[in-house]
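Some notes on the structure that comes next.
The values are calculated or read from the model by the stated rules, or taken from the named source; none is laboratory data. Since the structure is predicted, the reported quantities are computational estimates derived from the model, not experimental observations. Cβ: placed from backbone, ideal geometry, glycine included. Neighbour counts: every protein chain shown. Note: areas computed on protein heavy atoms with side chains; ligands, DNA, RNA excluded. Shrake-Rupley method; radii C 1.70, N 1.55, O 1.52, S 1.80 Å.
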Amino acid sequence: MEQLPLPAFDSTSTDRTSKTLQLAIFGTCAAWFVSAEILAGRAARGLTNRFDFDAWRQLLSSIFLLFLLAIGFSLLNTISHHYGSLRSVLGLPKRPTAREEWVIGAAIGWGIVVLAVLPMGLAGTLYVHLWTAPRAFGLLLLNLATFLVAALAEEIAFRGYPFRSLIEAVGPTGATVIMAMLFGMVHMLNNDATWTSVLITMLAGVLLSVGWLRTHGLWLPWGLHFAWNASMGIIFGLPVSGITDFSSVVRTQARGPLWLTGGYYGPEAALFTMVAITVGIIFLVRLTRDYAWHYTYTPATAGGYPMDAPPPAAHTAMEQQAGPAALIQILPTTPQNRSATDDPKP
């Protein structure tokens, strides 16, 4: 893989005015996200009530939210004089490894959920019910589409343009901690949320932020987030952050201690999920070595100055005054009056 520098933001800037501007942009992004989510929810509710399509409400709300985030963040990016394509603003750069990154993220997300649910299965706390009516499979496809769009919208809101602005203001470590805390606090509003679920969601926020920091793109976090939700709600039929509406063909009830099953909130409130996420972070870092080198490296400088700086003007003038070097003729060592294959004379 050819190494290319990433034309991205500078997170090492010491300009206080610039950092203040980025904090203001981040605050505006947060306010716009809250407003956009309210507007998207109301629009989806109005349409589904008008045409009696209640099953489509979540998908329509996610589509509207994605549209509003794209409009708002693009406008903020233009106001801050950071011009670029819509894909770059949203954090989805066009590159040859995009599909590969998404698949790796999906594999990690699926693996984390399997590892988190495994202790419940071994303990015999899972009770599975199957619904095989034709409508169930239609809902399954609808839920897959909802997870796909909703995961992208959520990643753009938490690891997209606002996250990059926060990095410019407080650095990658501070931005990761702040965004993880906000990610957990937003999910605290879900039904049956607990302090354990909030902490686990914060750790999941760290996992997803590391995915962006290792690739400088949302392809991998998007795939991870989608596979996490789809595996939890569709494959295993368990609640996703306290929401049970996404279980159609497979419907599962977990009966057991809250620390093991997470109760009505689902595995995202079970203590062992913390272990699964920690393992996921380790695998993510190991599997993204090439991407980190390819997309996130900073060109080396000597003493803070570029290595390709032009030579001093005085040095250039001396070279010009010296003129071209004299030609030197190299004569053959073998005498011209005999062949090199002749016997030497005594």
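Considering every residue within segment 196-214, establish whether at least one is under 19 Å from Trp32 (Cα atoms) and open to solvent by less than 10 Å² (accessible area, probe 1.4 Å).
Taking every residue of segment 196-214 in turn, none turns out to be under 19 Å from Trp32 (Cα atoms) and open to solvent by less than 10 Å² (accessible area, probe 1.4 Å).
May I ask you to list the residues in segment 228-255 that are assigned to a strand (DSSP E or B) and out of contact with any Ser or Thr (no Cβ under 7 Å at 6 or more places or on another chain)? If the condition is that a residue be assigned to a strand (DSSP E or B) and out of contact with any Ser or Thr (no Cβ under 7 Å at 6 or more places or on another chain), then Val240, Ile243, Val250, Arg251, Thr252, Gln253 are the ones that fit. Residues of segment 256-287 that are in contact (Cβ under 8 Å) with a residue 24 or more places away in the chain, open to solvent by 30 Å² or more (accessible area, probe 1.4 Å) and in a loop (DSSP other than H, G, I, E, B): Gly256, Leu271. Just one of the numbered conditions (1) at pLDDT 95 or above; (2) of a type in the set (D, E, K, R); (3) more than 16 Å from Ala107 (Cβ to Cβ) is not true of Arg164: (1). Only residues that are aromatic (Phe, Trp, Tyr), under 23 Å from the mean Cα position of the chain (by Cα) and either open to solvent by 80 Å² or more (accessible area, probe 1.4 Å) or farther than 17 Å from Phe158 by Cα (or both) were counted in segment 33-63, giving 0. Remark: pairs (first residue in segment 29-54, farther than 20 Å from Leu69 by Cβ; second residue crowded, with 17+ Cβ neighbours inside 10 Å and among the charged types (D, E, K, R); Cβ separation under 9 Å; 6+ apart in sequence or on different chains) = Thr48/Arg57; Asn49/Arg57. Going through (1) open to solvent by 30 Å² or more (accessible area, probe 1.4 Å); (2) touching a helix residue (DSSP H, G or I) at 6+ places or on another chain (Cβ under 8 Å); (3) in a helix (DSSP H, G or I); (4) not basic (Lys, Arg) one by one, Asn190 falls short only on (3).
Applying the condition of being surrounded by 16 or more Cβ atoms within 10 Å (Cβ to Cβ) and under 22 Å from Leu59 (Cα atoms) to segment 114-141 and asking which residue is nearest to the chain's Cα centre (by Cα) yields Leu140.
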